[in-house]
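Some notes on the structure that comes next.
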Amino acid sequence: MVSVSLKIDEAILSQTNELVKFTRQSRNSYFNEAIAHYNQLQKRAKLAEQLKREAALVRASSEEVLKEMEALENDYDY
């Protein structure tokens, strides 16, 4: 395990200390759990953004194919 030094706002640390007592876990464990949860949220946000970009690419491609198919239909209309 790696040691990390960080600065925390006093109000946040006070809230954390209260919650650590309530949950009966170590502060280190609490911070690890909180960071893991935050990382999951960030990974989901990153994935959502990636899906949004890829959906836009697929949409553009689909519209292009649709236009080509409509043009083919128009060529064969009698």
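The values are calculated or read from the model by the stated rules, or taken from the named source; none is laboratory data. None of these values were measured; they are calculated from a predicted model. Quick reminder, even Gly has a Cβ in these numbers, built from the backbone with ideal geometry, and neighbours come from all protein chains shown.
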### Summary
R24 passes all but one of the listed conditions (1) within 25 Å of the chain's Cα centre (by Cα); (2) surrounded by fewer than 10 Cβ atoms within 10 Å (Cβ to Cβ); the exception is number (1)
### Task
Would you point out the residue of the range 61-78, among those that are charged (D, E, K, R) and part of a helix (DSSP H, G or I), that is farthest from the chain's Cα centre (by Cα)?
D75
### Query
Taking the range 1-30 on its own, how many of its residues are free of Cβ contacts under 8 Å to residues at least 12 places away in the same chain and either among the basic types (K, R) or part of a helix (DSSP H, G or I) (or both)?
18
### Query
If V58 satisfies every condition in (1) at pLDDT below 90; (2) over 24 Å from the mean Cα position of the chain (by Cα); (3) in a helix (DSSP H, G or I) but one, which is the exception?
(2)
### Task
Only residues in the range 61-76 that are on the phi < 0 side of the Ramachandran plot count as the first member; pair them with residues that are modelled with pLDDT of 80 or more and not hydrophobic (A, V, I, L, M, F, W, C), Cβ under 8 angstrom, at least 6 apart or cross-chain, and list the lot.
none
